[in-house]
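What follows is a short report on a single structure.
Values in this text are rule-based calculations from the coordinates and carry no lab data. Everything numeric in this text was worked out from a predicted model, so none of it was measured. Ideal geometry is used to build each Cβ from the backbone, glycine not excepted, and the neighbour counts take in all protein chains shown.
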Amino acid sequence: MTSTLVLYDTTGQWGWLGELYGIMSANLASHFGSWTAKPVVSYTSGMLKQYSATIYIGSTYGEPVPNAFLDDVFATTTPVIWVYDNIWLLTSRYPNFFSTYGWIWSAFDFSSVAEVDYPLPPSSRATQKLKRYAANNAGIMNYFPVASTVTVLANCVRSDGSTFPWALRSTGPNGGSLTYIGENPLAYMSEGDRYLAFCDLLFDALAPAALTQHRALLRLEDIDPTYAPTELRSVATWLQSQNVPFGFQIIPLYLDPLNANGVGTNIALQSRPAVVNAIKFMQSMGGVMMCHGYTHQYDSTTNPYSGSTGDDCEFYRITENTDHSLNYLGPVAEDSLSWAQGRFTAAKTLYQNAGFPMPQFITFPSYAASVADYQAANGFFTVATERRLYPTGLLSGQPINYGQVAGQYMPYTVRDVYGMKVLADTLGGIDPLPFFSFPARLPADIIADAQRNLAVRDGWASFFYHTYDNISYLQQTVTGLKNLGYTFVSPTAA
Amino acid sequence: MTRMRRRQFLVGTGVALAQTAMVGRSTRAGPSAPPAPPDPPIAPPKRPAPNVVQPKPGAAPGYIVSGRGQDLSNPYFRPLGGPSNKRTPTPPDKHGKGVNEDDQGENQQ
């Protein structure tokens, strides 16, 4: 049974970040087996060997890392992945670190780095040019020339084309490996990002025999009772002709309390038999129904756009700034476990009234919900197909703090800290038109990031599409992913 | 000495020490720590604009931009939150099951 020890920082004014990084690492570790998350300051001698592998996320410069941990890392018999800060405590404690492990850090490198190349030879897999947010000025650790016994796993590429190691690995005196990553890959993340290299490196530590395979998932997004049934049918027909199974999200109640769209309001699924029949047709074409909330909007107000189903967030308060960026304010006023359960129960009734059972899959509208909402979902659904929010308090047991929150997309299937099976959501959606500062996301963008996603040896290309967009966008993307070697599978097989 | 000049001085000093250690095959591994980066790894959160956009029919994008973009207010891009001096107890251990383990719920709060 594979098990992972996740160690994280907790001290200092940024100590809360450590809990978030601990959550994100634990989520990823669950792909391989069980995990235990622990503040590194609580580490005691001998813990390393109780687990298959250990991940330490150094996020607080100067965390008081116990000597017991340093000693066990130096003499490890199991894989250790050390991320970013405080490696100097290990090299200071062991003056023979360089002669033993074959590398030594020099200083943080503050060059602009917009690309990380991974994997590198001797890996037989093709090197991918992963993205990196060039304005991330936190610094990346650099090194003096490394010994031939050290494997450089990934390289940073500066703007002038020069490179230095992003991650490296060597073996210690007792046969255990130490993998060091010179920056924190859990911040400044995006699709096709160097976060994927971190996700793949976990295989070396936790599932080294894993086979390389690349699978794809497709969701048809945001379908509500006002959608055009002919479009639903034509998209499903084309997907079936291409042997592409798919998921499709149904919002069972359309509301538009501010009359933003002028097509009416309070439209339940069963009142539109043509849409109901189109849904049954999609199921016959290999489609799997998913729940996408009860109304995909909140109350009778904007949250943040129009108040209309499909436009707005349902389970979380969001406002829009003048530059059209968003503010994630926290749970809605009524939020509670019972409130969320009530919405799912109401959705279930509407699905049943239209002749469908409650879907087993959930995607929260707008990728946003509270802890209570995610917990409520556990009682109604078995799988989530989405990105999720994680506030502080989930590991610490302290009151949940929505002012300290991180989101995460998964590159492979996990069971997250809420206890739900969560499928990969790596590529986002096709969005043909730009929206102010948010650029369009076209098939070429999705395909380019899917190419980068090949860095994960058992990773997924997962994207979504709106049936009201031109079907050529879907066709280009599906064809492009197939050409990259991806195999589309049903969400039920993920 | 300005902060930047001092940081550069420290970096240079550290480099010199470590280079000496390597060239001489000394048992000294190098400086005890690199200088701290000039800023926290995560910058303070962006302040919301004073005026929230008023609702306008047709103003919504094709879908909500939640989770999209390299915007500092996007929690999927980087964690949200500012420095905190609130002292809290050291968290306890937390355990979770793997995705292929049968029963759900252990990870729940």
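Of all aspartates and glutamates in the structure, the ones whose alpha carbon falls short of 12 Å from that of A:Lys129, not counting any fewer than 8 places away in one chain, are A:Glu115, A:Asp117, A:Asp193, A:Asp449.
Taken one residue at a time, the phi angles of the stretch A:102-113 give Karplus couplings (6.51, -1.76, 1.60, θ = phi - 60°) of x, 8, 8, 6, 10, 5, 5, 9, 9, 4, 6, 10 Hz. Gly and Pro are set to x.
Under 16 Å from the 7 Å Cα→Cβ point of A:Ser111, by amide nitrogen: which residues of the stretch A:180-222? From the stretch A:180-222, the list is A:182-183. Taking each residue as 0.36 nm, the span from A:Ile471 to A:Asn243 lengthens on full extension beyond its C-alpha to C-alpha distance by 80.5 nm.
What the pair-distance distribution of the stretch A:150-225 shows, using all Cα-Cα distances binned every 5 Å from zero, is 3, 11, 17, 20, 17, 12, 8, 5, 3, 2, 1, 0, 0 percent. Taking the helices alone, chain A has a mean residue ellipticity at 222 nm of -7500 deg cm²/dmol, built from -39,500 (n - 2.57) per DSSP H run of at least 4 residues and averaged over all its residues.
Report the calculated FRET efficiency for A:Ala75 and A:Ser336 (r = Cβ-Cβ distance, R0 = 51 Å), to the nearest 0.05. Efficiency at R0 = 51 Å is approximately 0.55.
Multiplying each eigenvalue of the alpha-carbon gyration tensor of the stretch A:1-136 by 5 and taking the square root yields semi-axes of 23, 19, 18 Å, largest first, rounded to whole angstroms.
Let me check I've understood the local charge: for A:Ser42, count other residues with C-beta under 15 angstrom from its C-beta, Lys and Arg +1, Asp and Glu -1. What total comes out?
Details: positive: A:Lys38, B:Lys94; negative: A:Asp9, A:Glu19, A:Glu63, A:Asp72, B:Asp93.
Residues close to A:Ser42 contribute a combined charge of -3.
Pairing the Cα long axis of helix A:337-353 with the longest principal axis of chain A, what angle in degrees results, from 0 to 90 and rounded to the nearest 10? Around 50 degrees separate the two axes.
Taking the Cα centre of the protein assembly as shown as origin, sum charge times position over the Cβ atoms of Lys and Arg (+1) and Asp and Glu (-1), and report the length of that vector in debye to the nearest 20.
Numbers: 41 positive and 44 negative charges, 235 e Å.
For the protein assembly as shown, the charge dipole is close to 1120 debye.
In the stretch A:389-494, if the dipole is taken from +1 on Lys/Arg beta carbons and -1 on Asp/Glu beta carbons about the Cα centre, which of A:Ser396, A:Gly480, A:Ala450 is farthest to the positive end? Selected residue: A:Ser396.
A Cβ-based charge dipole, computed about the Cα centre of the stretch A:382-460 with Lys and Arg at +1 and Asp and Glu at -1, lands at about 180 debye. Put a dot 7 Å past the Cα of A:Phe438, heading toward its Cβ, do the same for A:Thr322, and the two dots end up 2.1 nm apart. Computed about the Cα centre, the dipole magnitude for the stretch A:214-261 is approximately 280 debye when only Lys and Arg (+1) and Asp and Glu (-1) carry charge, each at its Cβ. Of the residues A:Ala333, A:Thr382, A:Asn321, the one whose Cα sits farthest toward the positive end of the charge dipole of the stretch A:301-395, with +1 on the Cβ of Lys and Arg and -1 on the Cβ of Asp and Glu, is A:Thr382. 3J(HN,Hα) along the stretch A:192-208, derived from phi through the Karplus expression 6.51 cos²θ - 1.76 cosθ + 1.60 where θ = phi - 60°, amounts to x, 8, 5, 3, 5, 5, 4, 4, 6, 4, 5, 4, 4, 7, 10, 8, x Hz, with x in place of Gly and Pro.
How big is the protein assembly as shown by the Kirkwood estimate over distinct Cα pairs, in Å?
Working: mean 1/r = 0.0402 Å⁻¹.
After inverting the mean inverse Cα-Cα distance, the result is 24.9 Å.
Relative to the present Cα-Cα distance, how much length would full extension add between A:Thr492 and A:Asn259 at 0.36 nm per residue of separation? Can you show the working numbers first?
Numbers: separation 233, 0.36 × 233 = 83.88 nm, distance 3.72 nm.
The A:Thr492-A:Asn259 span can extend by a further 80.2 nm.
Got a sec? Charge dipole of the protein assembly as shown, +1 on Cβ for Lys and Arg, -1 for Asp and Glu; which of A:Ser52, A:Phe98, A:Ser234 is way out at the positive end? Ranked along the dipole, the leading option is A:Phe98. In order along the stretch A:158-169, the phi-based Karplus estimate (6.51 cos²θ - 1.76 cosθ + 1.60, θ = phi - 60°) of 3J(HN,Hα) comes to 6, 5, 8, x, 6, 10, 8, x, 9, 8, 8, 8 Hz; Gly and Pro are listed as x. A crude spin-label estimate for the pair A:Asn174 and B:Lys86, with each label 7 Å from Cα along the Cβ direction, gives 4.0 nm.
Could you sort out which of A:Lys421/B:Lys97; A:Lys348/A:Lys421; A:Lys49/A:Lys421 sit more than 22 Å apart by Cα distance in this structure?
On the way: A:Lys421/B:Lys97 10 Å; A:Lys348/A:Lys421 20 Å; A:Lys49/A:Lys421 28 Å.
Long pairs (Cα-Cα over 22 Å): A:Lys49/A:Lys421.
DSSP beta bridges fully contained in the stretch A:353-494 are about 55 percent antiparallel. The distance between label points at A:Ser284 and A:Asn96 comes to 7.5 nm (points 7 Å beyond Cα on the Cα→Cβ vector).
Under a 5 Å amide H cut-off, with hydrogens placed 1.01 Å from N, A:Ile223 pairs with A:Gln249, A:Ile251 among residues at least 5 apart or on other chains.
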